[in-house]
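First the structure, in the form of structure tokens, and then the observations on it.
The values are calculated or read from the model by the stated rules, or taken from the named source; none is laboratory data. Bear in mind that the values here come from a model prediction, so they are computed numbers and not experimental data. Note that each Cβ is placed from the backbone with ideal geometry, even for glycine, and that neighbours are counted across all protein chains shown.
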Amino acid sequence: MLSKAEFVGLKNYITIFTEDELFLKSVRNTLYFTVLSVPLQMIIALGGALLLNTQVRGKRAFRTIFYLPSLIPIVVSSVMWLWLFNSQYGLINYLLHSVGLNRVQWIDSRHMVIPSLTIMNIWNVGNIIIIFLAGLQGIPKDLLEAVEIDGGRYWHKFRFVIIPLLSPIILYNMIVNMIKCLQLFVEPYIMTGGGPVNSSFSFVLHIYNNAFKYGKMGVANAMAWVLFILTLLISLVIFKTSCHWTYYEGDR
């Protein structure tokens with residue numbers, strides 16, 4: 001790792017794409033997690049923000065409850081969810097069994113491990129709720145009242161006022177959470193080690209193993225550049241298409 005650097009040209013990139021059997025697997029797992037997590041996070045966070053923006057009793061307490069998971073260190077929450085998802089003595093399976101349902105192999109099944117990590121990721125959605133809530137409270141009330149005067153229902157306010165005015169915030173949250181999901185590492189590292197059968201083996205975990213487990217710093221650096229380019233391309237696509245659904249106050 002600390003040996004003298006030697007220029008090898010594109011050798012490491014060729015190795016990644018032609019010889020590394022786990023490379024494409026790690027990319028697929030990471031993209032699967034991202035595609036599954038980001039939309040669910042956005043929908044649940046927006047729903048929570050809409051609920052907290054109403055005149056519900058105890059909404060200050062609910063804001064605190066929703067935001068608390070964001071304050072828990074990711075290592076601590078990973079250990080906690082490792083216990084919750086345990087197929088033998090985990091709390092979730094205990095509750096399922098107590099109501100007559102079958103136990104689920106949450107992180108022990110190659111089909112359920114990514115959805116399980118997605119559930120854990122959604123639990124940590126409090127910061128997105130707060131951002132959406134701030135945007136909702138910035139929407140002029142006279143616009144919402146105008147919809148009511150015209151005979152519109154809540155759906156019309158949501159579709160033609162709330163969503164357009166929140167669209168820049170939706171774009172921001174989408175980009176930030178997409179980048180976060182593509183950097184998935186701590187959860188599979190602590191909870192699954194990339195298993196079972198490499199079903200939760202993420203791209204960043206693959207980079208980490210090459211750098212610090214196998215001492216292949218050159219290969220790890222090449223993978224990091226691939227991740228950067230992948231993140232950049234997805235971000236550019238989102239920004240390029242956002243002009244069709246994002247509304248800014250200066251737009252006409």
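Could you pull out the residue among Asn173, Asn124 that is at pLDDT below 90 and closer than 30 Å to Val76 by Cα? Step through it out loud before you land on a result.
On the way: Asn173 fails: at pLDDT below 90.
Of Asn173, Asn124, the one residue that is at pLDDT below 90 and closer than 30 Å to Val76 by Cα is Asn124.
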Exercise. Of Leu117, Leu50, which residue is surrounded by 19 or more Cβ atoms within 10 Å (Cβ to Cβ) and within 26 Å of Leu171 (Cα to Cα)?
Worked result: Leu117
For this session: Just one of (1) under 17 Å from Val176 (Cβ atoms); (2) in contact with a helix residue (DSSP H, G or I) (Cβ under 8 Å, 6 or more places away or on another chain) trips up Val35, so point out which.
Result: (2)
Problem set entry | Test: residue in region 219-232 that is within 30 Å of Ile163 (Cβ to Cβ) and among the aliphatic types (A, V, I, L, M) | yes
Exercise. Looking at (1) within 24 Å of the chain's Cα centre (by Cα); (2) surrounded by 12 or more Cβ atoms within 10 Å (Cβ to Cβ); (3) closer than 24 Å to Tyr208 by Cβ, which is the one condition that is false for Lys11?
Worked result: (1)
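Determine whether Ile128 is buried (at least 19 other Cβ atoms within 10 Å of the Cβ) and not polar (S, T, N, Q).
In short, yes.
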Exercise. Do you know which of the residues in region 95-114 that are crowded, with 18+ Cβ neighbours inside 10 Å and touching a residue at least 24 places away in the same chain (Cβ under 8 Å) is farthest from Lys180 (Cα to Cα)?
Worked result: Ile107
Problem set entry | Residue list for region 208-249, restricted to those being of a type in the set (Ser, Thr, Tyr) and either touching a His at 6+ places or on another chain (Cβ under 6 Å) or in contact (Cβ under 8 Å) with a residue 60 or more places away in the chain (or both) | Ser235, Ser242, Thr246, Tyr247, Tyr248
Exercise. Restricting attention to region 5-23, does a residue exist that is under 30 Å from Leu171 (Cβ atoms) and polar (S, T, N, Q)?
Worked result: no
Problem set entry | Residue check for Val8: in contact (Cβ under 8 Å) with a residue 24 or more places away in the chain, in a loop (DSSP other than H, G, I, E, B) and under 26 Å from Ala224 (Cα atoms) | yes
